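Only one structure is covered here, and it is reproduced in the block below.
The values are calculated or read from the model by the stated rules, or taken from the named source; none is laboratory data. Here the structure is a predicted model, which means the values were calculated and not measured. Cβ placement follows ideal geometry from the backbone for every residue including glycine, while neighbour counts extend to all protein chains displayed. What goes into the accessible areas is simple: the full protein's heavy atoms, side chains included, and nothing from ligands, DNA or RNA. Shrake-Rupley method; radii C 1.70, N 1.55, O 1.52, S 1.80 Å.
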Amino acid sequence: QVQLVESGGGLVQAGGSLRLSCAASGSGFSINSMGWYRQAPGKQRELVAITSGGSTNYADSVKGRFTISRDNAKNTVYLQMNSLKPEDTAVYYCHAQTTSWSQRRFYSWGQGTQVTVSS
């Protein structure tokens with residue numbers, strides 16, 4: 001139905017910045033919301049940021065540092081990450097909630113991209 005392809009992860013020093021991108025492709029769907037989750041070793045996957053219906057929400061740990069945005073023309077969501085901390089180290093996953101032509105809702109995940117922040 002929909003495929004999500006992520007890019008932009010990498011290794012940065014504390015205080016640095018990264019911009020993650022996630023492009024949605026496919027046919028027969030509309031996007032209801034897109035967001036970013038992350039999972040660090042030994043921890044559950046957690047919501048980082050989400051955009052839906054013109055509103056955005058952030059985890060408390062990233063407020064003021066991360067910004068989520070969408071380019072509807074490109075079906076792409078971005079996560080601008082500034083002032084990165086070692087505790088931000090995780091695999092970051094793009095997520096999308098979509099509605100098909102038959103009005104069914106689907107939940108899609110990207111493959112994940114590694115973000116490593118060194119101290």
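Could you check region 62-78 and list, in sequence order, the residues that are loosely packed, with under 15 Cβ neighbours inside 10 Å and either over 10 Å from the mean Cα position of the chain (by Cα) or under 17 Å from Gly26 (Cβ atoms) (or both)?
Start the filter on region 62-78 by keeping residues that are loosely packed, with under 15 Cβ neighbours inside 10 Å, which leaves 63-64, 69, 71-74.
Lys63, Gly64, Asp71, Asn72, Ala73, Lys74 - these are the residues of region 62-78 that are loosely packed, with under 15 Cβ neighbours inside 10 Å and either over 10 Å from the mean Cα position of the chain (by Cα) or under 17 Å from Gly26 (Cβ atoms) (or both).
Is it true that Leu11 is assigned to a strand (DSSP E or B), at pLDDT 95 or above and open to solvent by 50 Å² or more (accessible area, probe 1.4 Å)?
Answer is yes for this residue.
Could you list, in sequence order, the residues of region 46-65 that are β-branched (Val, Ile, Thr) and in a strand (DSSP E or B)? Give the derivation first.
Within region 46-65, the subset β-branched (Val, Ile, Thr) is 48, 50-51, 56, 62.
Listed by number, the residues that qualify are Val48, Ile50, Thr51, Thr56.
Return yes when Leu84 is in a loop (DSSP other than H, G, I, E, B) and open to solvent by less than 80 Å² (accessible area, probe 1.4 Å) and no when it is not. Before the answer, list the steps.
Values: in a loop (DSSP other than H, G, I, E, B): yes; open to solvent by less than 80 Å² (accessible area, probe 1.4 Å): yes.
Spelling it out, Leu84 is indeed in a loop (DSSP other than H, G, I, E, B) and open to solvent by less than 80 Å² (accessible area, probe 1.4 Å).
Residue by residue through region 71-82, note down the ones that are touching a Phe, Trp or Tyr at 6+ places or on another chain (Cβ under 9 Å) and farther than 21 Å from Gln111 by Cα.
Asn82
When you go through (1) assigned to a strand (DSSP E or B); (2) open to solvent by 20 Å² or more (accessible area, probe 1.4 Å); (3) farther than 21 Å from Arg104 by Cα one by one for Lys43, which number turns out not to apply?
Lys43 satisfies every listed condition except (1).
State which residue pairs qualify: first residue of a type in the set (D, E, K, R) and inside region 25-42, second residue surrounded by 14 or more Cβ atoms within 10 Å (Cβ to Cβ) in any location, beta carbons under 6 Å apart, and separation of 6 or more residues or different chains.
Pairs found: Arg38/Val48; Arg38/Ala90; Arg38/Tyr92.
For region 50-59, check the following and say yes or no: at least one residue is hydrophobic (A, V, I, L, M, F, W, C) and more than 24 Å from Leu11 (Cα to Cα). Full working, then the answer.
At the first step, the residues of region 50-59 found to be hydrophobic (A, V, I, L, M, F, W, C) are 50, 59.
The next check asks that each one be more than 24 Å from Leu11 (Cα to Cα); those that pass are none.
No, because not a single residue in region 50-59 is hydrophobic (A, V, I, L, M, F, W, C) and more than 24 Å from Leu11 (Cα to Cα).
Identify all residues within region 95-116 that are of a type in the set (Phe, Trp, Tyr), in a strand (DSSP E or B) and touching a residue at least 24 places away in the same chain (Cβ under 8 Å); write none if there are none.
Of everything in region 95-116, those that are of a type in the set (Phe, Trp, Tyr), in a strand (DSSP E or B) and touching a residue at least 24 places away in the same chain (Cβ under 8 Å) turn out to be Phe106, Trp109.
Suppose the filter is at pLDDT 95 or above and assigned to a strand (DSSP E or B); does Ile68 pass it? Step through it out loud before you land on a result.
Numbers: at pLDDT 95 or above: yes; assigned to a strand (DSSP E or B): yes.
Yes, satisfied.
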